[in-house]
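Inspection log for the structure reproduced underneath, given as structure tokens.
The values are calculated or read from the model by the stated rules, or taken from the named source; none is laboratory data. Since the structure is predicted, the reported quantities are computational estimates derived from the model, not experimental observations. FYI the Cβ positions are ideal-geometry reconstructions off the backbone, even for glycines, and counts take in every protein chain you see.
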Amino acid sequence: MSIRTVEIRPPSIRAETINVMKASAAIVALVAAYLFRPAIGGGAGDSAASASDLLPFQAAVQDAPGPDQRSFRELQEGLLEAERIRAATGRWPDAATLSSGGIPPFAPDPTRTPYRWSTLARGTTINYVGVPVSASSPAWLLVIIEPEQGAPPDPAPNDETHHRLPDGTTLHVSIWRVPEAERKSGFAAIPQPQNEGWTQLLIGATR
């Protein structure tokens with residue numbers, strides 16, 4: 001009986017590397033499809049899924065009219081500048097200071113509806129309120145809440161509603177709008193803007 005010897009050769013390094021890269025690419029594609037599925041496609045199913053993650057007084061920025069999306073982005077920019085000044089000076093700048101520095105949306109802009117901006121502070125809450133000169137545009141409210149003195153550190157991660165100053169102070173921030181025709185007076189005392197008809201705009205769902 002003859003014995004036959006068979007030589008088994010491992011795949012080449014090149015072929016093995018290509019196979020690993022293909023497998024990795026497939027995994028990355030699946031993860032990306034999962035993470036970005038609400039933003040890609042724009043189908044009715046995707047919109048419904050996004051809406052289901054929002055509370056009744058919240059709305060997604062991407063569903064807002066173009067001018068409102070612009071105002072939202074500018075308020076985010078203005079918030080970052082206000083935080084920078086707060087970190088450097090220990091005090092929040094008023095709307096007039098931000099306007100004089102050319103910071104949108106507080107600074108005058110001839111390409112948009114004029115707004116009258118004011119700063120309202122009560123305790124640890126700071127409100128920047130924008131009232132349009134035309135009732136056809138919405139009013140805007142930027143709410144910043146600092147922690148109470150002596151409160152334990154907030155472990156919440158940084159996201160669009162939690163910002164952290166360089167000294168570790170965690171801020172709760174939110175951006176709201178309401179039709180000017182429906183806005184009620186006395187918003188300086190509003191602890192919960194949703195109770196006065198304001199809608200919070202969000203990039204991503206939060207609870």
* Per-region count, region 147-179, residues among the charged types (D, E, K, R) and in contact with a strand residue (DSSP E or B) (Cβ under 6 Å, 6 or more places away or on another chain) -> 3
* Return only the number of the condition from (1) surrounded by 15 or more Cβ atoms within 10 Å (Cβ to Cβ); (2) within 20 Å of Arg91 (Cα to Cα); (3) at pLDDT below 90 that His163 does not satisfy. => (3)
* Asked: Would it be correct to say that Asp159 is acidic (Asp, Glu) and under 23 Å from Gln62 (Cα atoms)?
  -> yes
* Subset of region 126-160 (residues that are of a type in the set (S, T, N, Q) and crowded, with 16+ Cβ neighbours inside 10 Å) -> Asn127, Ser137
* To do: Within region 75-115, work out how many residues are acidic (Asp, Glu), crowded, with 16+ Cβ neighbours inside 10 Å and free of Cβ contacts under 8 Å to residues at least 60 places away in the same chain.
  => 2
